[in-house]
Structures are given as C-alpha cells and as structure tokens.
C-alpha cells in the first residue's frame, strides 16, 4: 500500500510540477507544430490541460506534434534526445494517471 501511494505522488508530480512550480520543461519544438503554439488552449507543457482532453484529442495532439518532435533538427528547439524522452515520459505519466493513453511511437527503434 505504501508503494502505491508513493507511485501516485510521483505520477501526480509529473502533472503538476512543470506549471505548478513555474518550471519550464523543454517542449522540444512541439509548439512549432501547433497554431499559436497551443492545442485547444493548452500549452505543450501543461500536461493536465492536455490529458483531461478526450482520448481522440490526445491522439490528435500527438499526431500534430510528431513532425516537430520526430526530427533530427530537434536540437534547434533546445531539446536533446533525453529531453524528448523526459517530455514524453511526463506526458505519458500524467495522462495514464488521468486514465488516458499515450502511444509511445517515439520509443520505436529509430524514432529519435
């Protein structure tokens, strides 16, 4: 039981920390693929806003940002390979906690 609480706290932190504490995680250029840099009024770094969207909208978000994330020019957007993994892992953790699914296309061989 204690492990479950710790895990939930850790996952909740993935949702809240970036915006709740004013921290800015690199969004790896995701904003460049979105009109006005947002999706349904959500910043790419606002995981709660993104993850409370219906699953179809989350899938659409991932489809829209994929061309900007899935590129070797990602470094121009101040994002390393590990930064991309951090961004997608935090998005995954937050959405999972909220009962949504994030397709890990970026983990497939050769994706990054």
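Here is how the numbers come out for the structure above:
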read-out: Computed E for residue 86/residue 38 - FRET, C-beta separation, R0 25 angstrom, nearest 0.05; value: 0.75
read-out: Extension gain, residue 101 back to residue 63 (0.36 nm per residue minus Cα-Cα distance, nm); value: 12.3 nm
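Quick note: the coordinates plus some simple rules give every number you see, no bench work behind them. Keep in mind the model is a prediction, meaning the values are calculated, not measured. Neighbour counts are summed over all protein chains in view; Cβ atoms, including those assigned to glycine, are modelled from backbone coordinates with ideal geometry.
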